[in-house]
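Reviewing the structure listed below.
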Amino acid sequence: MSESVLTRLFLIRHGPTHAKTMVGWSDLPADLSDTAALARLHDYLPQEAVVVSSDLSRARDTASAIGGARERLADHRDLREIHFGAWELRSWAEIDTESPDHIRAYWETPGDVRPPGGESWNEVCARVDRAINALIAQHRGRNLIVVGHFGQILTQIQRAARLTAEEAFSHRIDNLSVTELSHQGLDWDRGWSSGRINHIP
């Protein structure tokens, strides 16, 4: 296949969980009651695309709700949200009371800082990059709908737009939004371009 073939990514954030805590690998369900929003999302996305999601139920069930008759790939564990470790299902305020310097460093200077028992931002980026690279390599030239999570989407915005982690974190990613990226060529460090970010159909 030609190195000039373009692969388009449509990154979807799952439906809302309504949690007010840090939800990473905890398997909370999505609220998929807004059927009109799901229908608009289904209709907006390319019909010939293939669909893949994180293996967490909030992403998996969202993928099922918007996928329609599109080809569905196996769920992918490496497309999960950030693993918050001991911070899972706890609020910022609660952790800030106990470890203010730690949690502020994690969010304000993302990189190698790691939650207790969890992942650093750089580790999340490496994990998701591997998964996305593999998907593109396997489905080069196709449209890929990837249903996942806030942090997972930010990792790809960061590398496609060549942003710092701090710049990537400044983006808002709403539930049931679409972020559109593309990759062309065989060099994972180049060939990226970004389109709409956080688009609500």
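Here, each number is a calculation from the coordinates, and none is a lab measurement. Quick caveat: nothing in here was measured; it's all calculated off a predicted structure. Neighbour counts run over all protein chains shown; Cβ positions are idealised from the backbone, glycine included.
Distances between placed amide hydrogens fall under 5 Å for residue 23 paired with 89, all partners being 5 or more residues away or on another chain.
The charge dipole of region 53-201, taken about its Cα centre with unit charges on the Cβ of Lys, Arg, Asp and Glu (plus for the first two, minus for the last two), comes to roughly 740 debye. Per residue, the Cα convex hull of region 44-201 amounts to 112 Å³. Relative to the dominant Cα principal axis of the chain, helix 35-44 is inclined by about 50°. 3J(HN,Hα) along region 176-190: 6, 9, 10, 10, 10, 10, 9, 9, 10, x, 10, 9, 5, 8, 10 Hz, from the Karplus curve 6.51 cos²θ - 1.76 cosθ + 1.60 with θ = phi - 60°, whole Hz, x for Gly and Pro. For residue 76, the amide hydrogen comes within under 5 Å of the amide hydrogens of 53, 54, 55, counting only partners 5 or more places away or on other chains and with H modelled in the peptide plane.
Seen from all directions on average, region 1-87 presents a Cα convex hull projection of 7.1 nm².
Look at the dipole of the chain built from charges on Cβ: of 163, 141, 10, the Cα furthest out on the positive end belongs to 141. Each semi-axis of the equivalent ellipsoid for region 155-201 is √(5λ) with λ an eigenvalue of the Cα gyration tensor; in descending order they amount to 20, 14, 6 Å.
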